[in-house]
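The values are calculated or read from the model by the stated rules, or taken from the named source; none is laboratory data. These numbers were taken from a predicted model, which means no experiment stands behind them. Glycine gets a Cβ as well: all are built from the backbone with ideal geometry, and neighbour counts include every protein chain shown.
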Amino acid sequence: MSPSGAAAASASAGDYVVSMNAHSSDEAERRLEFDELVAQYEKRIFNVVYRFLGDYEEAADVTQETFISAYKHYANFRGDSKVFTWLYQIARNLCINRLRRRERQRHIRIESLEQMTDPDDDSFTTRDIADWTHSPQQVLEQKELHQKILAAIDSLPIEYREVIILREFQQLSYNEIVEATGLSLENVKTRLSRARAMLRRKLEPYYRS
């Protein structure tokens, strides 16, 4: 199943008996408003959840849970943050809970990284790999490298994977990451720096070439 297919399966707006407007008393209007919200944010939420979990079906489930939870807690949403930020915070908590269950089942614990690199170092991103020409061999190499990058990101501890996903895949600014995660700006920069250093080590043979 493709990511877009999984997302569509996960969050058909008609499946949600919800209200996204506390001031609307008309059920049909409320459902229409929610349809629009799902259409606007579902794919983006699914994509970030999939990058967290690495499994289409599980990401589809969490995407659906995110929108259901959004409805249940909508009364608490006052518009102080962007809608995506609010939805992301719900999805993030659901992802972390699932990852913690995985870790308990596999007896894996997240190790913190002791060595710090420069928190302002933006010298490595997933977009730093040089462009390839379009020969069949190079296309294959590019695809393989892309898979190596994704696998390396998926292997990062959750606290580092999160900021890389938000920065490199969702293209959020530092301040938007601060808002989405509740971390300080300094912590965001530190985690990004550590994550990039870890990715450098994992991808060094490919990065140098």
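Do we have T85 as among the polar types (S, T, N, Q) and either touching a Cys at 6+ places or on another chain (Cβ under 8 Å) or modelled with pLDDT of 85 or more (or both) here? Against the criterion (among the polar types (S, T, N, Q) and either touching a Cys at 6+ places or on another chain (Cβ under 8 Å) or modelled with pLDDT of 85 or more (or both)), T85 qualifies.
Within the range 156-209, restricting attention to residues that are modelled with pLDDT of 85 or more, hydrophobic (A, V, I, L, M, F, W, C) and more than 18 Å from the chain's Cα centre (by Cα), the residue that is farthest from G54 (Cα to Cα) is L185. (1) farther than 18 Å from V188 by Cα; (2) of a type outside the set (V, I, T); (3) modelled with pLDDT under 90; (4) touching a Ser or Thr at 6+ places or on another chain (Cβ under 9 Å): which one isn't true of L94, the others all being true? Single failed check for L94: (3). E186 fulfils the conditions (1) without any contact (Cβ under 8 Å) to a residue 24 or more places away in the chain; (2) assigned to a helix (DSSP H, G or I); (3) surrounded by fewer than 14 Cβ atoms within 10 Å (Cβ to Cβ) except for a single criterion, (1). Contact map, the range 45-70: residues that are over 23 Å from L172 (Cα atoms) paired with residues that are assigned to a helix (DSSP H, G or I) and among the charged types (D, E, K, R), Cβ distance under 7 Å, separation 6+ or inter-chain. Pairs shown: E58/R98. Per this entry, E42 is counted among residues that are surrounded by 21 or more Cβ atoms within 10 Å (Cβ to Cβ), at pLDDT 80 or above and part of a helix (DSSP H, G or I).
Of the residues making up the range 21-33, just one is modelled with pLDDT of 70 or more and either within 16 Å of H73 (Cβ to Cβ) or exposed (fewer than 14 other Cβ atoms within 10 Å of the Cβ) (or both), namely A28.
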